[in-house]
Amino acid sequence: MDTSSLAGIESVVKGGRAVMAADDTAVVDAVKETVRSGRTATFYLTRPQFDAVNAWYWTPNRMKQLGLEPVSDEEMARITAELGAEACGSAYSNRIKCPSGHVYGAFEFVKQGIEEHGLDATRAVFALKDTAVIRANPHQQVQCVECRRRLATPHYYVYWGYGCCVDLDDTSTAAFAVRHR
């Protein structure tokens, strides 16, 4: 083991978080179990682990069911140009229509993330090279960035290195929205 990595682990644990080291199968199984349980957690994974979770979770049928579509090159460029967060790689997102007529998609998701976590944190996530992030059952309240109205429909997303997985096996999309208001 590279002993310099222990300083990083020490810092994370001192901050009140746990670090898990295991083979890929054990890590992927832990993510799957967390998603199925409905509990919320954030996992920082290797690219192969992230890819394995996404292959399990983001099936073509699920993507179709939840309305995920590829984020256009134009929207990715807009995220970079207007928000200052360099979005790269493939991205998929559903698009939610606000009752006021506005649309909430990938651009609005990143904008809300910047408002909640700051530009530096958002840039740091987009800049990760060897690490990918999975949010299991996140409790995000989707809010129209134009009129500030809370939206009942959940937003789903998966980017090249950042995505969500939500327990949908025993709940409908509407039930998920109620649980996460």
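Test Arg148 against the criterion of being surrounded by fewer than 19 Cβ atoms within 10 Å (Cβ to Cβ) and either touching a strand residue (DSSP E or B) at 6+ places or on another chain (Cβ under 8 Å) or assigned to a helix (DSSP H, G or I) (or both), and give yes or no.
no
Given the conditions (1) of a type outside the set (Val, Ile, Thr); (2) open to solvent by 70 Å² or more (accessible area, probe 1.4 Å); (3) within 17 Å of Asp169 (Cβ to Cβ), which single one is not true for Tyr57?
(2)
Out of region 4-24, which residues are open to solvent by 90 Å² or more (accessible area, probe 1.4 Å) and part of a helix (DSSP H, G or I)?
Glu10, Lys14 - these are the residues of region 4-24 that are open to solvent by 90 Å² or more (accessible area, probe 1.4 Å) and part of a helix (DSSP H, G or I).
Within region 80-137, restricting attention to residues that are among the polar types (S, T, N, Q) and in a helix (DSSP H, G or I), which residue is most open to solvent (accessible area, probe 1.4 Å)?
Of everything passing the filter in region 80-137, Thr80 is most open to solvent (accessible area, probe 1.4 Å).
Within region 67-98, track down each residue that is under 16 Å from His155 (Cα atoms) and touching a Leu at 6+ places or on another chain (Cβ under 8 Å).
Listed by number, the residues that qualify are Tyr92, Ser93, Asn94, Ile96, Cys98.
The values are calculated or read from the model by the stated rules, or taken from the named source; none is laboratory data. The shown structure was predicted, so the numbers you read here are calculated from the model rather than taken from an experiment. Heads up, the Cβs are rebuilt from the backbone with ideal geometry, glycines too, and the neighbour counts pull from every protein chain shown. When the accessible area is computed, the model is the full protein with side chains, heavy atoms only, and any ligands, DNA or RNA have been set aside. Shrake-Rupley method; radii C 1.70, N 1.55, O 1.52, S 1.80 Å.
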